[in-house]
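Before any comments, here is the structure.
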Amino acid sequence: PPLENVINLHDFEQVARIVLPEKAWAYYSSASDDEITIRENRLAYQRVWFRPRILRDVSSVDWSTTILGQKSSLPVYISATALGKLGHPDGELCLTRAAANHGVIQMIATLASCSFDDIVDAAGPGQNFFVQLYVNRDREITRKYVQHAEKRGVKGLFITVDAPQLGRREKDMRMKQVDDGAGAEVQKGHEVKKDQGVARAISSFIDPSLSWKDIPWFLSITKMPIILKGIATAEDAILAYEAGVQGIVLSNHGGRQLDTARSGLEVLIEVTAALRSRGYFPDPKFEIYVDGGVRRASDVLKALALGAKAVGVGRPFLYAFCSYGQAGVEKAIQIFRDEFEMNMRLLGARTLDELVPEMVDASALTNH
Ligand code: FNR
């Protein structure tokens, strides 16, 4: 179907399902076990209702922001998704080129198909990146990767903390005999089990011994802001704050890790309450992000009203470039822009600062 026919982010998923090779579709779309959490990621947004304000002169509205101090044209960043070349020959570079044209920040995955340097080399003027880190059992490899990223100007280190082992994604596991030709460069040389799906085949280097004790080491090897990606409780949000990192992503990894974990949006409510009661929130030096299931600007506005600084979006951008290359990603960004304009007008928020908890009724979110 022509790109003009795509009118919302859901459409990219429908197109991807048709055009993607079976193996890529299985890897990208799969979630763990019974796929309850991936469904919940969408349902959570549907349980939060708006309380729009009126008569506020919304002739001009502005949805630009900063994320970790970096300008972003949207309160949305492109979250890390591995193995982009399974779905498009240019892989993650489609994201990079589109992000360059629209002032959007891309988070580069440790397991990107394109090499880290190829992605950064493709940057446009002033383009910013974050990097996602799977911590290697060999910390020397990790140290080099992190310090190289910092040297190349990456603005934030997102350490994935919800994946000591990758989840069982059964749709993916049914695709046997995976040829991992699209795999990441940095992590070569590890034994690959070809009968467990793409995800498990590429993840054996990840260190399950990672713990809170390692955080000071990360803080000592880089000046990049450190963000823990995959926080799922108030308890761990408090530990993260006290460990001195600069932010957290409330995430269940797009439903791909612990099934029946809660949505990031639901977790946000207990996290802000717990941090606030200790005087840790709001704090401009500690940003909270949410990801999972964000498909509409209205979803983003709900998360921001409840205290998130920005949200991460994974599959929609992935499906957009697999289906239409760079142009698909640019269209996805354009869709977000159009939706922000309309939704902010209808909600009565001229800037993102005007989004306050009173603009949503989240009572049904935690009451189910
Ligand atoms: C991911 N995600 C992910 N996260 C991470 O920290 N490292 C990674 O390598 C990957 N790889 C990856 C691959 C694919 C195919 C998907 C769909 C997701 C998780 C990602 O960063 C993000 O948390 C979710 O994608 C957010 O959910 P949505 O937007 O996909 O619903």
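The values are calculated or read from the model by the stated rules, or taken from the named source; none is laboratory data. What you see is a predicted model; the values in this text were computed from it and never measured. As a convention, Cβ positions derive from the backbone with ideal geometry for all residues, glycine included, and neighbour counts pool all protein chains shown.
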Okay, strands (runs of 3 or more DSSP E) sitting entirely in region 61-114 with 3 or more residues that are among the basic types (Lys, Arg), I get none
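One line per residue, one yes/no per condition, for (1) in contact with a Leu (Cβ under 7 Å, 6 or more places away or on another chain); (2) on the phi > 0 side of the Ramachandran plot; (3) within 12 Å of the ligand (Cβ to nearest atom):
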residue: Ala100; (1), (2), (3): no, no, no
residue: Ile105; (1), (2), (3): no, no, no
residue: Ala112; (1), (2), (3): no, no, yes
residue: Ile119; (1), (2), (3): yes, no, no
residue: Ala122; (1), (2), (3): yes, no, no
residue: Phe130; (1), (2), (3): no, no, yes
Failed item in (1) assigned to a helix (DSSP H, G or I); (2) in contact (Cβ under 8 Å) with a residue 40 or more places away in the chain; (3) surrounded by fewer than 24 Cβ atoms within 10 Å (Cβ to Cβ), with Asp353 passing the rest: (2)
Could you list, in sequence order, all residues of region 1-19 that are part of a helix (DSSP H, G or I) and under 20 Å from the mean Cα position of the chain (by Cα)? Leu9, His10, Asp11, Phe12, Glu13, Ala16
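Would you say Leu157 is within 13 Å of the ligand (Cβ to nearest atom), in contact (Cβ under 8 Å) with a residue 60 or more places away in the chain and surrounded by 15 or more Cβ atoms within 10 Å (Cβ to Cβ)? Reasoning before the result, please.
Working: within 13 Å of the ligand (Cβ to nearest atom): yes; in contact (Cβ under 8 Å) with a residue 60 or more places away in the chain: yes; surrounded by 15 or more Cβ atoms within 10 Å (Cβ to Cβ): yes.
Yes: the conditions hold for Leu157.
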Within region 336-347, is even one residue within 14 Å of the ligand (Cβ to nearest atom) and at pLDDT 95 or above? yes
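Would you mind stating whether Thr96 is in contact with a strand residue (DSSP E or B) (Cβ under 7 Å, 6 or more places away or on another chain) and free of Cβ contacts under 8 Å to residues at least 24 places away in the same chain?
no
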Within region 126-243, considering only strands (runs of 3 or more DSSP E) that don't extend past its boundaries, which have at least 2 residues that are at pLDDT 95 or above and farther than 15 Å from Ala82 by Cα? 226-231
Suppose the filter is within 13 Å of the ligand (Cβ to nearest atom), in a helix (DSSP H, G or I) and among the small types (Gly, Ala, Ser); does Ala332 pass it? yes
For region 295-324, which positions are within 13 Å of the ligand (Cβ to nearest atom), of a type in the set (A, V, I, L, M, F, W, C) and assigned to a helix (DSSP H, G or I)? Val300, Ala303, Phe317, Leu318, Ala320, Phe321, Cys322
Which residues, counting only those in region 113-131, are touching a residue at least 60 places away in the same chain (Cβ under 8 Å), within 21 Å of Pro89 (Cα to Cα) and crowded, with 17+ Cβ neighbours inside 10 Å? Ser113, Phe116
Listed residues Asp214, Asp283; which is away from the ligand (no atom under 14 Å from the Cβ), in contact (Cβ under 8 Å) with a residue 60 or more places away in the chain and surrounded by fewer than 21 Cβ atoms within 10 Å (Cβ to Cβ)? Asp214
Would you call Ala320 surrounded by 15 or more Cβ atoms within 10 Å (Cβ to Cβ) and more than 16 Å from Thr65 (Cα to Cα)? yes
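Yes/no matrix, rows are residues, columns are (1) more than 15 Å from the ligand (Cβ to nearest atom); (2) farther than 22 Å from Pro2 by Cα; (3) surrounded by 15 or more Cβ atoms within 10 Å (Cβ to Cβ); (4) modelled with pLDDT of 95 or more:
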{"site": "Val15", "(1), (2), (3), (4)": "yes, no, yes, yes"}
{"site": "Ala24", "(1), (2), (3), (4)": "no, no, yes, yes"}
{"site": "Glu35", "(1), (2), (3), (4)": "no, yes, yes, yes"}
{"site": "Val48", "(1), (2), (3), (4)": "yes, yes, yes, yes"}
{"site": "Arg51", "(1), (2), (3), (4)": "yes, yes, no, yes"}
{"site": "Val61", "(1), (2), (3), (4)": "yes, yes, yes, yes"}
{"site": "Gln70", "(1), (2), (3), (4)": "yes, yes, yes, yes"}
{"site": "Thr81", "(1), (2), (3), (4)": "no, yes, yes, yes"}
{"site": "Leu93", "(1), (2), (3), (4)": "yes, no, yes, yes"}
Of a type in the set (Val, Ile, Thr) and touching a residue at least 60 places away in the same chain (Cβ under 8 Å): is that true of Val245 in this structure? no
What residue, of Lys144, Lys155, Lys171, is of a type in the set (Lys, Arg), out of contact with any Lys or Arg (no Cβ under 7 Å at 6 or more places or on another chain) and within 22 Å of Ala240 (Cβ to Cβ)? Lys155
Among the residues of region 35-80, how many are over 21 Å from Ile288 (Cβ atoms) and under 15 Å from the mean Cα position of the chain (by Cα)? 1
